[in-house]
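Written out below as structure tokens is the structure these notes cover.
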Amino acid sequence: MQLPKLWPRHARSAILHAVSNSPVRTSTRPYGSMMPLMPVFAARARYRPCSMARIAATSVRARAEHHWSERIRLQARIDVLDGKVAQQAEELSIKDARMEQIDPRQRPHYPPEERLRILEQRAAYGWSQEETARRFLVSTMTIHNWMRRLDDEGPDALIRVPVPVNRFPELVTYLVCRLKSLCPRMGDRRIAQVLARASLHLGSTTVRRMRKPPPKRSKKRRAPIALRGVTAKRPNHLWHVDLTIVPTVGGFWVPWRPFPMAQRWPYCWWVAVVIDHFSRRALGRATYKKEPSEADVEKCLDRTSRKSGVRPAHMITDQGRQFTADRFERWLDRWNIKRRFGAVGKYGSVAVIERFIKSMKNECTRLLSMVPLAQKAFERDLDDYLGWYNAERPHTRLGGRTPDEVYFNRFPACRKPRHEPREHWPRRSRCAGVQAPIRGRPGVTLELSVAYFRGRKHLPVVTLRRVA
């Protein structure tokens, strides 16, 4: 038979068209009762003779996938899996043929983690060294060396256990434990927020795991939060005012009658504090030797207003006699300030300023070796704490930001580019907590530096420096 003149030129195109129009099937077993339906579906596909086989096979497989007989559904599933296995085998043979064209000495090396996976495959399926080398395109001596150095340790080990990319190095654990020992009053969440401001982002649960095993979860449910009457929408919109007493070295109690001591100097100091609800910033304070009157509270608020340059629209106080006096009511009316009485134990009420007072005592006055009896020295201690609280101490309610950053609308330090000590951590992956881009390359070594605000040992300022 004489072939067409252009046959060699169109032979390859004919092969591709023939393959594309033929049904892809590797199993030779019939579909049972579905075989008589093949001519029916084939007759429906006569309008496109070139793709008749493919349409018929697809129609039969679709009917078999939803057939009432479990045997036919299982056979259809087996047929699909056989096709996938054949497809993957063909892909691997093509890739292996390309890799075999490269000189063995110039082929890319397997990383240590992939070498362990290869040896696991050899052990699971009982392959010999020659079979393993043939399957993964390496020499038999290479497999032999891997088996001989299977238990080597150190950075030069040929075989390594895969390390998760989200696992922090031991350096970070040391930094967390060291910071906890230097500042024992810090909790897990506070440590995470302080390190985030220093460009190292950790979760509070991660900090807890680094310090000690996680505690058992409590099954108690929190009480529902009641709606607040006044919502702070901006700085200086809502102020909190309250009074507290700070005991000196004399304390409040003596072992003889009458047991309580007088609540006045030199046994204690009276302190008035003013807090901005929106930013949680400490705006002002005043100290007194005895319980202040409503006139003393008015002077403290006037001084705070002059310092801030604005007066609040709302003010929340408790029902102390200083805040319920007629003179204080007239002062509020004169400046057009709406007053609300806070309910004890309610969220968003006096709990905000009560929590600040607790923090002030736990982080300042109770850490002093002795509360000063001189008023100027005591006020200096309070001013140092308020300056550190506003500028350096991250606040949980503010998402790790400091009160000054919220009050003055500054860019938070916890959102600046962060250090990443995990070497293989992908740059586009999110970090725990606050989202921040990575500074430089992952896998840096960090050095912990703890300074003290104005030389006060109980007011730490944490920074991290990159070690070259």
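Quick notes
- Which numbered condition Ile159 fails, given (1) of a type in the set (Val, Ile, Thr); (2) closer than 25 Å to Asp103 by Cα; (3) part of a helix (DSSP H, G or I); (4) touching a residue at least 40 places away in the same chain (Cβ under 8 Å): (3)
- A single member of Val138, Val165 is β-branched (Val, Ile, Thr) and within 32 Å of the chain's Cα centre (by Cα), and it is Val165.
- Matching helices (runs of 4 or more DSSP H) fully within the range 324-434 where at least 2 residues are surrounded by fewer than 18 Cβ atoms within 10 Å (Cβ to Cβ) and touching a residue at least 40 places away in the same chain (Cβ under 8 Å): 351-363, 375-391
- Among residues of the range 126-141, those that are over 15 Å from Arg105 (Cβ atoms) and in a loop (DSSP other than H, G, I, E, B), counted: 3
- Scanning the range 313-323 for residues that are surrounded by 13 or more Cβ atoms within 10 Å (Cβ to Cβ) and either in a helix (DSSP H, G or I) or without any contact (Cβ under 8 Å) to a residue 12 or more places away in the chain (or both) yields Gln322, Phe323.
- Each residue in the range 140-184 was checked for being surrounded by fewer than 16 Cβ atoms within 10 Å (Cβ to Cβ), among the hydrophobic types (A, V, I, L, M, F, W, C), under 15 Å from Glu113 (Cβ atoms) and out of contact with any Phe, Trp or Tyr (no Cβ under 7 Å at 6 or more places or on another chain), and 4 pass.
- Failed item, numbered, when Tyr385 is tested on (1) in contact with a strand residue (DSSP E or B) (Cβ under 8 Å, 6 or more places away or on another chain); (2) within 18 Å of Ile275 (Cβ to Cβ): (1)
No value in this document is a laboratory result; all are computed from the given coordinates. In this text the structure is predicted, and so the values were computed from the model without any measurement. In this analysis, Cβ positions are derived from the backbone assuming ideal geometry, glycine residues included, and neighbour counts consider all displayed protein chains.
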